[in-house]
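J.: Handing you this structure, nothing more for now.
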Amino acid sequence: MFTGIVEEVGRVTDVAAREGLVRLRVASDSVRARLGLGASVAVDGCCQTVTALDDGSFTVEVMPVTRERTTLGTLAPGTPVNLEAPLRAGDPLGGHIVLGHVDGVGEVVSVRAHEADHRVRVRVPADLARYCAARGSVAVDGVSLTVAEAHDDGFTVALIPTTLAQTVAGSYAAGRKVNVEVDVVARYLERLRGVPGRTEKWQ
């Protein structure tokens with residue numbers, strides 16, 4: 001489990017196909033120091049398992065279903081990525097509960113300056129928009145954010161200068177694909193109320 005507070009922006013150094021999987025090697029300093037073999041790590045909001053460790057880097061193996069459902073399949077050497085090590089018992093929950101289970105890929109529609117922040121509008125698949133509520137939580141590329149505005153086709157978030165400087169959000173522009181994880185509490189409430197939702201089967 002994660003909290004959506006990005007600890008470091010790492011950089012993909014190698015991408016290699018191996019037995020149906022794609023191995024990503026990511027250069028990292030502070031997050032790498034907290035990881036062990038088999039540990040979980042969030043890469044642009046996707047929970048991955050560490051399969052190898054080197055000085056200053058770690059490796060994860062991305063399954064086909066993850067490549068299809070997230071932006072990890074488009075990463076190339078040199079690409080910066082948001083990194084977060086898993087939450088430890090007793091750590092402060094600085095953002096919100098983030099599982100690292102990406103619900104879908106959204107698209108940045110617009111980025112505009114707005115007083116002391118930047119407003120980023122994101123379009124999401126139709127079956128995800130209903131989980132986005134004004135002043136609710138959403139994770140974009142693993143960053144815990146508050147929904148400033150909810151729209152029929154997505155949401156708008158407000159990014160402060162610190163977020164722009166310390167995550168990959170500073171490079172957002174119209175057309176950018178982003179990983180989106182909606183608030184898991186909304187999903188459980190929907191299920192408990194018996195409201196029809198998506199039925200998914202992992203292959």
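J.: Which loop-located trypsin sites (Lys or Arg not before Pro) does region 68-170 contain, where loop means any DSSP state but H, G, I, E or B and the Cβ has at most 16 other Cβ atoms within 10 Å?
T.: For trypsin sites (Lys or Arg not before Pro) across region 68-170 that sit outside H, G, I, E and B with at most 16 neighbouring Cβ atoms in 10 Å, the list reads Arg88, Arg130, Arg135.
J.: Dipole magnitude of the chain about its Cα centre, charges +1 at Lys/Arg Cβ and -1 at Asp/Glu Cβ only, in debye to the nearest 20?
T.: Result for the chain is approximately 340 debye, rounded to the nearest 20.
J.: Taking GluC sites (Glu not before Pro) as candidate sites, keep only those in a DSSP loop with at most 13 other Cβ atoms within 10 Å, then name the longest stretch of the chain containing none of them.
T.: Free of exposed loop sites, the longest segment is 20-114.
J.: Note down the relative contact order for region 29-163 as a percent, whole number, built from C-alpha pairs under 8 angstrom at least six residues apart.
T.: That works out to 21 percent.
J.: Return the single residue from Leu164, Leu72, Leu83 with maximal mean-square fluctuation; model: Gaussian network over the chain, springs between Cα atoms under 10 Å.
T.: With Cα springs under 10 Å in the chain, the top fluctuation among Leu164, Leu72, Leu83 is at Leu164.
J.: So how strong a dipole does region 81-152 carry about its Cα centre when Lys and Arg Cβ are +1 and Asp and Glu Cβ are -1, to the nearest 20 debye?
T.: For region 81-152, the charge dipole is close to 100 debye.
J.: Any idea which of Gln48, Ala113, Met1 is furthest toward the positive side of the dipole for region 1-149, if Lys and Arg beta-carbons carry +1 and Asp and Glu beta-carbons -1?
T.: Among Gln48, Ala113, Met1, the one farthest towards the positive end of the dipole of region 1-149 is Ala113.
J.: Mind listing the phi-derived Karplus ³J(HN,Hα) values for region 135-144, rounded to whole Hz, using 6.51, -1.76 and 1.60 with θ = phi - 60°, and x for any glycine or proline?
T.: 6, x, 9, 8, 10, 10, 6, x, 9, 6
J.: Given H placed 1.01 Å from N in the peptide plane, which residues other than close sequence neighbours of Ala39 have an amide H under 5 Å from its amide H?
T.: Placed amide hydrogens put Val50 under 5 Å from Ala39.
J.: Here's something else I'd like to know. Would you mind getting the accessible area per residue of the chain, heavy atoms of the protein chains only, 1.4 Å probe, in Å²?
T.: For the chain, the per-residue accessible area is 51 Å².
J.: May I pose another question? How much length, in nm to one decimal, is gained on full extension between Glu149 and Thr74, taken as 0.36 nm per residue of separation minus their Cα-Cα distance?
T.: Length difference between fully extended and current span is 24.1 nm.
J.: Measure off, as a whole percent, the carbon and sulfur share of the 1.4 Å-probe accessible area of the chain, all protein chains present.
T.: 52
J.: Return the long-range amide H neighbours of Ser28 (sequence gap of 5 or more, or a different chain), with a cut-off of under 5 Å between placed amide H atoms.
T.: Close amide H contacts, sequence-distant or interchain: Ser57, Phe58.
J.: For the chain, set up a Gaussian network in which alpha carbons nearer than 10 Å are linked by springs, and say which option among Leu159, Leu192, Leu128 fluctuates the most.
T.: Leu192
J.: Length gain on complete extension for the stretch Ala116 to Gln166, per 0.36 nm per residue less the alpha carbon to alpha carbon distance?
T.: Using 0.36 nm per residue and subtracting the Cα-Cα distance, I get 16.4 nm.
J.: Connecting C-alpha atoms closer than 10 Å in a GNM of the chain, tell me which of Asp183, Asp141, Asp55 has the biggest fluctuation.
T.: Asp55
The values are calculated or read from the model by the stated rules, or taken from the named source; none is laboratory data. Small disclaimer: the values here were computed from a predicted structure and weren't measured. All Cβ positions, glycine included, derive from the backbone under ideal geometry; neighbour counts span all protein chains shown. The area values use the complete protein model at the heavy-atom level, side chains included, leaving out ligands, DNA and RNA. Shrake-Rupley method; radii C 1.70, N 1.55, O 1.52, S 1.80 Å.
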